[in-house]
Structure formats: C-alpha cells, structure tokens
Amino acid sequence: MQYRRPSPRMWLARQTVLGLTSLLLLAILGVSGALLWGVPGGLAGIGVSLAFAVTSWLVERGRYRSWGYLERDEDLVVKRGLLFRRLTVVPFGRMQFVDVTAGPVDRLYDLATVQLHTAAAATDARIPGLRSADAAQLRDRLATLGEARTSGL
C-alpha cells in the first residue's frame with residue numbers, strides 16, 4: 001500500500017502565508033534598515049528578508065512532502081518530519097475521538113486537519129491539509145472503525 005498525501009491545496013495555502021509574511025518582513029527590514037543606516041542598511045534588510053523567505057520556503061516544502069497516512073486493517077499509520085522523522089501507529093480500538101479543525105487560511109482553501117485522540121497524551125496523530133469533504137469522510141470512517149474495534153474489548 002502507498003501512503004496518502006495531503007492535498008496540493010495545503011502547499012498553496014502554506015505558500016500564501018509564507019509570501020505574506022515575507023512581504024511584511026521585507027517591508028519592515030528594508031525600511032527600518034534604510035532609515036537607520038541609509039541605502040546599505042536597506043539593501044541588507046532586503047537581503048536578510050529574502051534569505052529568510054528562501055529558507056522558509058525550502059523548509060515548508062520539505063515538511064509538506066513528509067506528511068503521509070495509511071489506513072491498514074487494524075490501525076492508522078501517520079508519518080511526518082523533515083529533520084526528525086516520526087511514525088505514529090494508532091490502533092483503531094485505542095481511539096477515543098477524532099477532531100476535524102480548520103483555521104482561517106485552511107477554510108479559505110477548503111482544507112481541514114484530522115486529529116486523533118487516544119488515552120495516551122503523547123499520541124500526536126494528526127493529518128493536516130485534507131480537503132474538508134475528505135476530512136469529514138475520514139473522521140466518519142475512523143469513528144466507525146474505532147467503535148467496531150472497542151466493542152470487542
């Protein structure tokens with residue numbers, strides 16, 4: 001089986017936030033550098049903000065590409081991590097409830113995040129960047145599988 005990936009809209013949403021943040025930083029550092037140190041300070045501020053934008057873009061791209069999830073017969077596997085890879089396996093019978101959340105940027109791009117909750121506080125099984133309809137279907141499917149597995153305990 002192959003891991004399912006977040007929607008490409010997630011990458012578009014991340015680029016939008018990154019672009020707006022970079023433009024704001026560019027304006028602040030460029031203007032303040034120019035006011036404090038003249039033209040060389042303004043150019044240095046612009047250079048720093050461009051370096052930040054490029055580095056952030058590369059990190060976010062890697063983070064987006066690292067997410068994946070796989071529904072197996074008895075559990076859900078979630079993988080993530082760019083520098084520190086993390087693999088979380090959540091048995092369906094251990095799930096207590098499933099959340100679907102969406103922030104303002106997510107709603108703009110019709111995205112949602114599915115979060116699995118178990119009795120263990122350390123469980124961090126969340127799947128970001130799913131289309132809202134897909135997230136609702138996954139939540140319902142996981143809730144049904146969780147109820148079926150816990151009824152046998």
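Readers should treat all values here as calculations from the given coordinates under stated rules, not as data from a laboratory. These figures come from a predicted structure and were not determined experimentally. Methodologically, a virtual Cβ is constructed for each residue, glycine included, from the backbone with ideal geometry; neighbour enumeration extends over all protein chains shown.
Would you be able to say whether some residue in segment 18-34 is within 19 Å of Arg131 (Cβ to Cβ) and out of contact with any helix residue (DSSP H, G or I) (no Cβ under 7 Å at 6 or more places or on another chain)? Steps first, please.
We begin by selecting, within segment 18-34, every residue within 19 Å of Arg131 (Cβ to Cβ); these are none.
No, that holds for no residue.
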Considering segment 82-93 alone, what residues qualify as being touching a helix residue (DSSP H, G or I) at 6+ places or on another chain (Cβ under 8 Å) and outside any strand (DSSP E or B)? Leu82, Arg85, Phe92, Gly93
Mind listing just one residue for me: the one in segment 1-15 that is in a helix (DSSP H, G or I) and out of contact with any helix residue (DSSP H, G or I) (no Cβ under 7 Å at 6 or more places or on another chain) and, of those, farthest from Glu71 (Cα to Cα)? Gln15
If I filter segment 16-39 for residues that are in a helix (DSSP H, G or I), in contact (Cβ under 8 Å) with a residue 12 or more places away in the chain, touching an Asp or Glu at 6+ places or on another chain (Cβ under 8 Å) and not hydroxyl-bearing (Ser, Thr, Tyr), do I get at least one hit? yes
Let me confirm something: among Leu108, Leu58, which residue is of a type outside the set (Ser, Thr, Tyr), under 21 Å from Arg9 (Cβ atoms) and touching a residue at least 12 places away in the same chain (Cβ under 8 Å)? Leu108
Please specify each residue of segment 123-135 satisfying the condition of being surrounded by fewer than 16 Cβ atoms within 10 Å (Cβ to Cβ) and more than 16 Å from Leu76 (Cα to Cα). Ala133
